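These notes are about the structure you will find just below.
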Amino acid sequence: MIFPKIKVLRSHGRQAIPDLDAVALTSEFRGRPELSEAADSAEQSAVEQAAALCPTGALCAAPLSIDLGRCLFCGECARKAPRNIRFTNDYRLGSPTREGLVIRPGDTHVAFDMTRVRPELARLFSRSLHLREVSAGGDASIEMELNATGNVNFDFGRFGVGFTASPRHADGVVVTGPVSANMVEALEICYDAVATPKLLIACGSEACSGGLFAESRAVDRSFFERHTPDLWLPGAPTHPMIFIDGIRTLLGQKKREQP
Amino acid sequence: MKYLITDNTSGAVRLEDIPELSYEAFYDDLAARLSEPRYHVAHYFAVPSGDRMRFYCLLLDDAEGRILVTSHAMEYYDATALPSLTARHAQMHPFERDITERYGIRFDGQPWPKPLRFPADRYDRRSSMDNYPFYTMEGRSLHEVNVGPIHAGIIEPGAFRFICNGEQVLHLEIALGYQHRGVERAFEETSNRLRQACLAEAVAGDSAVAHALAFAEAIERLTGCQRPAQLDRERAVALELERMAMQIADTGALSTDVGYQLGQVACEALRTMTINTTQAWCGNRFGKGLVRPHGSNHPLTAEKSAMIRRNVGEIARRYEEVRHDICSSPSLLARFEQCGVVPRDEMLRIGGVGQAARASGVARDIRTTHPSGSYAKCLRHETIVEQQGDVMARLVVRCREVLQSARHIDRLLAIYEEKYAATENPCGVPDYTAPLQPSTLSFGLVEGWRGETCHVALTDAAGRLATYRIKDPSLHNWLALALAVRGEGISDFPICNKSFNLSYCGHDL
């Protein structure tokens, strides 16, 4: 009975990513887009077509910008207007402000304005951060990605960051999904149950803006009118590295170049 | 003629060609047919049109691979209660409950007249999440345990109420609807087909490929375009990759719940490898963006094809080692065997589908019974069936399906490498503007990793998508979970739940 286990272990080998800060994702991955202004009318009309096709209205043709808080990273606009829109594999997408998620021509980084981060966060949570996740209309892919942050590959627990079952044990709440109307009360109760000082993180483009369901009658965004997230993380779903990078930057453990 | 007969490779059907029966004729015929295990209902829904309400029913015949389409109708303001089919065939319950909840149509003798998902546009505004009518039992030795809507782990919300006698579960009732986002209405409110494709991928994010595929098939039937064979093959590869990833993930989840850490970490690593393979193909770990109507933005190249074959072979080899270890560990077998049993006749009665049904001896698999695309052409798919209906049987079905999917992928890509090495994009490019046939019903029927995924699209006279109805396999199978835990210790609920791993958002829409 021990031999099958030894076999599994031998094939398993060593799985943990040695340095999470040095991870580079595959070139196919669609992360931070780079924009350049339309040089002529042909390019301008291509950008306008792309904006008309955008499933969530994240792309604005004039003035040219992409709101990552709405973007589903489907990459369709980059196919319509390849000379003006290009998706890089940069996963450093988190921002402490909602407006920081808007990318304009020439931007080479997603802005991370440290002056907008509450100064006590690093002191309170940089050595241990336990979060309660609430899915409020999330489509399960994003929940699986958050689970993956703690798995044998990413092992975010090595930095003392993890998820906890009870809001009473939590330092903050991670919200996924557009916040369905049927879930808004439970979310509010859960957030209230977390002791202050606490963190609030909006994870995924649906949580940031409502995404595909921003206009739906079945969605109630009032929670985000009452409470302002400390960290906005785009993605559909949010790749584990977007989450890990966002938290580490928020806690001052990682620096991001300014655009 | 009571039914319009079609199959999963034919085109869309015109609304005027669908027979319209009286409710009595519909009731009698369906009740008789559903007594045979070869038939089950894939979808049954009501559509208001003007001053009428028309009910469409898609009945699947597993023995002959046919799809039987029929309908009945009534006046919009007709308040007569219809005799309930659920009273005779329990598998009709989610459909009748949905119709009642949306439009207030009453079914006489419906044994389980409860809300289904509390949609935003429900008929009875007084019915809300807070007053869900849970079943209750009286007794001095009984107690209730309420779980949810927020669960301990990072999963979607749903409320579970157990009635227990000591440790033993007498009854479990599952109240869903917390995830309702109005997906179907969002489909109907937009004419942007890319947005609709993205919506399909968001129905259930862990089955993004299956739902996107069902949407693409429904749309391609409506436009009447032929698909290139290579597109079919790549879609089948994507679907089987998704199946592998999720079956491996669930093997890991079951391992976690019984404290078998080696299996847990091994499966986590293997799942990462599987979804990273999908990511290296299309840029998204869940295959979002991969399936689009009429074509593909990510046609396989020779290098990618070789990469997928290599990775899949390695994953299958290592997963087989984990499977072997599970089967040779008596402490694991003691937890999995004889736990959460759903017998075959019960599974048939509730209309169970997918891998959960196959673990109970019900050979329902769209890839075999109603094949389309590559499954109808170059693949010989054999349904994997286990008889015991317990947690172990569901695990064994998963294990065998991972290895089977790996073989399918290898076979599909072998054809690719022989034929298409030099072609630029043999799949064609996606088309979001092709006009749809007016006044037509079309469907997409796909065997996702959970089971039968069915999308139905109806166009109006102007060729716009007027009604869109989605059925995730979870709609049937949630009841199977409730039945599985009856008589079990409540501490076995987590492994019963993981052995099904049903979708909340796919159910709630």
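The values are calculated or read from the model by the stated rules, or taken from the named source; none is laboratory data. This one's a predicted model, so the numbers in the text were calculated from it and none came from an experiment. All Cβ positions, even for glycine, are placed from backbone atoms using ideal geometry, and neighbour counts span all protein chains on display. SASA here: full protein model, heavy atoms, side chains in, ligands and nucleic acids out. Shrake-Rupley method; radii C 1.70, N 1.55, O 1.52, S 1.80 Å.
Could you list, in sequence order, the residues of the range B:290-311 that are at the interface with another protein chain (Cβ under 10 Å from one of its Cβ atoms), in a loop (DSSP other than H, G, I, E, B) and in contact with a helix residue (DSSP H, G or I) (Cβ under 6 Å, 6 or more places away or on another chain)?
First, the residues of the range B:290-311 that are at the interface with another protein chain (Cβ under 10 Å from one of its Cβ atoms): B:292, B:297-298, B:304.
When the remaining residues are screened for being in a loop (DSSP other than H, G, I, E, B), the result is B:297-298.
Matches in the range B:290-311: B:HIS298 only.
I need every pair where a residue in the range B:109-135 that is without any contact (Cβ under 8 Å) to a residue 60 or more places away in the chain and within 14 Å of chain A (Cβ to nearest Cβ) has its Cβ under 9 Å from the Cβ of a residue that is part of a helix (DSSP H, G or I) and of a type outside the set (A, V, I, L, M, F, W, C), sequence separation at least 6 or different chains.
Final answer for the pair search is B:ARG122/B:GLU101; B:ARG122/B:ARG102; B:SER127/B:GLU101; B:SER128/A:ASN182; B:MET129/A:ASN182; B:MET129/A:GLU185; B:ASP130/A:GLU185.
So if I check each of A:ALA16, A:ALA22, A:ALA39, which one is open to solvent by 80 Å² or more (accessible area, probe 1.4 Å), more than 9 Å from chain B (Cβ to nearest Cβ) and modelled with pLDDT under 90?
After ruling out the rest, the residue left standing is A:ALA39.
Taking into account only those residues within the range B:150-179 that are crowded, with 18+ Cβ neighbours inside 10 Å and at the interface with chain A (Cβ under 7 Å from one of its Cβ atoms), which is nearest to B:LEU199 (Cα to Cα)?
Step by step, filter the range B:150-179, then rank; the result is B:GLN179.
Can you find a residue that is closer than 30 Å to B:SER191 by Cβ, away from every other protein chain (no Cβ under 11 Å), in contact (Cβ under 8 Å) with a residue 12 or more places away in the chain and charged (D, E, K, R) anywhere in the range A:215-225?
yes
Of (1) outside the structural domain of B:ALA210 (by TED's automatic domain parsing); (2) not in a helix (DSSP H, G or I), B:MET92 satisfies all except one. Which?
Condition (2) is where B:MET92 drops out.
Within the range B:118-133, identify whether any single residue is at pLDDT 90 or above, crowded, with 19+ Cβ neighbours inside 10 Å and not charged (D, E, K, R), and answer yes or no.
Checked the range B:118-133: at least one residue is at pLDDT 90 or above, crowded, with 19+ Cβ neighbours inside 10 Å and not charged (D, E, K, R).
Which residues, counting only those in the range A:11-45, are on the phi > 0 side of the Ramachandran plot and in the same structural domain as A:ARG79 (by TED's automatic domain parsing)?
Of the residues in the range A:11-45, the ones on the phi > 0 side of the Ramachandran plot are A:13.
Within the range A:11-45, none qualify.
At least 2 residues that are farther than 16 Å from B:TYR39 by Cα in each: list the helices (runs of 4 or more DSSP H) lying fully within the range B:333-386 that qualify.
Values: elements: B:344-349, B:354-358, B:366-369.
Counting at least 2 such residues, we get B:354-358.
Pull up the range A:144-161, narrow it to residues that are away from chain B (no Cβ under 12 Å) and open to solvent by 40 Å² or more (accessible area, probe 1.4 Å), then point me to the one that is nearest to A:PRO240 (Cα to Cα).
A:GLY157
Considering each of A:ALA136, A:ALA186 in turn, give the residue that is crowded, with 23+ Cβ neighbours inside 10 Å, in contact (Cβ under 8 Å) with a residue 24 or more places away in the chain and at the interface with another protein chain (Cβ under 8 Å from one of its Cβ atoms).
From the options A:ALA136, A:ALA186, the qualifying one is A:ALA136.
Could you check the range A:212-259 and list, in sequence order, the residues that are open to solvent by 10 Å² or more (accessible area, probe 1.4 Å) and either outside any loop (DSSP other than H, G, I, E, B) or β-branched (Val, Ile, Thr) (or both)?
Once the filter is applied, which keeps residues that are open to solvent by 10 Å² or more (accessible area, probe 1.4 Å) and either outside any loop (DSSP other than H, G, I, E, B) or β-branched (Val, Ile, Thr) (or both), the range A:212-259 yields A:VAL219, A:SER222, A:PHE224, A:GLU225, A:ARG226, A:THR228, A:TRP232, A:ARG248.
Mind telling me which of the residues B:ARG88, B:ARG97, B:ARG106, B:ARG102 ends up being free of Cβ contacts under 8 Å to residues at least 60 places away in the same chain, under 26 Å from B:GLU452 (Cα atoms), of a type in the set (D, E, K, R) and touching a helix residue (DSSP H, G or I) at 6+ places or on another chain (Cβ under 9 Å)? Write out each step before concluding.
Values: B:ARG97 fails: touching a helix residue (DSSP H, G or I) at 6+ places or on another chain (Cβ under 9 Å); B:ARG106 fails: under 26 Å from B:GLU452 (Cα atoms); B:ARG102 fails: touching a helix residue (DSSP H, G or I) at 6+ places or on another chain (Cβ under 9 Å).
One residue alone meets the criteria, B:ARG88.
Can you name every residue in the range A:162-183 that is in a helix (DSSP H, G or I) and within 9 Å of chain B (Cβ to nearest Cβ)?
Those that are in a helix (DSSP H, G or I) and within 9 Å of chain B (Cβ to nearest Cβ): A:PRO167, A:ALA181, A:ASN182, A:MET183.
From the set of residues in the range A:47-75 that are surrounded by fewer than 23 Cβ atoms within 10 Å (Cβ to Cβ) and assigned to a helix (DSSP H, G or I), which is farthest from the other protein chains (Cβ to nearest Cβ)?
Selected residue: A:GLU48.
Looking at the range B:262-276 only, could you name the residues that are within 10 Å of another protein chain (Cβ to nearest Cβ) and either more than 24 Å from A:ARG30 (Cβ to Cβ) or surrounded by 24 or more Cβ atoms within 10 Å (Cβ to Cβ) (or both)?
Across the range B:262-276, the qualifying residues are B:LEU262, B:GLY263, B:GLN264, B:VAL265, B:ALA266, B:CYS267, B:GLU268, B:ALA269, B:LEU270, B:ARG271, B:ILE275.
Need the failing condition index for A:GLN44 against (1) of a type in the set (S, T, N, Q); (2) under 29 Å from B:GLY289 (Cβ atoms); (3) at the interface with another protein chain (Cβ under 10 Å from one of its Cβ atoms); (4) assigned to a helix (DSSP H, G or I), just the number.
(3)
Determine, yes or no, whether A:LEU129 is in contact (Cβ under 8 Å) with a residue 24 or more places away in the chain and over 30 Å from B:LEU199 (Cβ atoms). Break it down stepwise before answering.
Numbers: in contact (Cβ under 8 Å) with a residue 24 or more places away in the chain: yes; over 30 Å from B:LEU199 (Cβ atoms): yes.
Against the criterion (in contact (Cβ under 8 Å) with a residue 24 or more places away in the chain and over 30 Å from B:LEU199 (Cβ atoms)), A:LEU129 qualifies.
Within the range B:180-203, can one find any residue that is at the interface with chain A (Cβ under 10 Å from one of its Cβ atoms), buried (at least 24 other Cβ atoms within 10 Å of the Cβ), touching a helix residue (DSSP H, G or I) at 6+ places or on another chain (Cβ under 8 Å) and of a type in the set (Ser, Thr, Tyr)?
Checked against the condition, which is being at the interface with chain A (Cβ under 10 Å from one of its Cβ atoms), buried (at least 24 other Cβ atoms within 10 Å of the Cβ), touching a helix residue (DSSP H, G or I) at 6+ places or on another chain (Cβ under 8 Å) and of a type in the set (Ser, Thr, Tyr), the range B:180-203 yields no hits at all.
Go through the range B:151-195 and give me each residue that's part of a helix (DSSP H, G or I), closer than 28 Å to A:LEU187 by Cα and in contact (Cβ under 8 Å) with a residue 24 or more places away in the chain.
Once the filter is applied, which keeps residues that are part of a helix (DSSP H, G or I), closer than 28 Å to A:LEU187 by Cα and in contact (Cβ under 8 Å) with a residue 24 or more places away in the chain, the range B:151-195 yields B:VAL183, B:GLU184, B:ARG185, B:PHE187.
Would you call A:SER95 open to solvent by less than 60 Å² (accessible area, probe 1.4 Å) and of a type in the set (Ser, Thr, Tyr)?
So A:SER95 fits the description; yes.
Being under 27 Å from B:HIS298 (Cα atoms), part of a helix (DSSP H, G or I) and open to solvent by 60 Å² or more (accessible area, probe 1.4 Å): is that true of A:ARG79 here?
Taking the combined requirement at face value, the residue satisfies it.
Please go through (1) open to solvent by 10 Å² or more (accessible area, probe 1.4 Å); (2) in contact (Cβ under 8 Å) with a residue 24 or more places away in the chain; (3) among the polar types (S, T, N, Q) for B:ASN497 and return the number of the only condition it doesn't satisfy.
The failed condition is (2).
Look at the range B:234-252 and say how many of its residues are over 20 Å from the mean Cα position of the chain (by Cα) and more than 19 Å from B:ALA316 (Cβ to Cβ). Outline the logic, then answer.
If we filter the range B:234-252 for residues that are over 20 Å from the mean Cα position of the chain (by Cα), which is where we start, we get B:234, B:252.
Still in the list and also more than 19 Å from B:ALA316 (Cβ to Cβ): B:234.
Here the count works out to 1.
If you scan the range A:76-95, which residues turn out to be closer than 17 Å to A:HIS239 by Cβ and within 14 Å of another protein chain (Cβ to nearest Cβ)?
Of everything in the range A:76-95, those that are closer than 17 Å to A:HIS239 by Cβ and within 14 Å of another protein chain (Cβ to nearest Cβ) turn out to be A:PHE87, A:THR88, A:ASN89, A:ASP90, A:TYR91.
Take the residues in the range A:113-133 that are surrounded by 20 or more Cβ atoms within 10 Å (Cβ to Cβ) and more than 22 Å from A:ASN182 (Cα to Cα); name whichever of them is nearest to the other protein chains (Cβ to nearest Cβ).
Ranking the qualifying residues of the range A:113-133, first place goes to A:LEU131.
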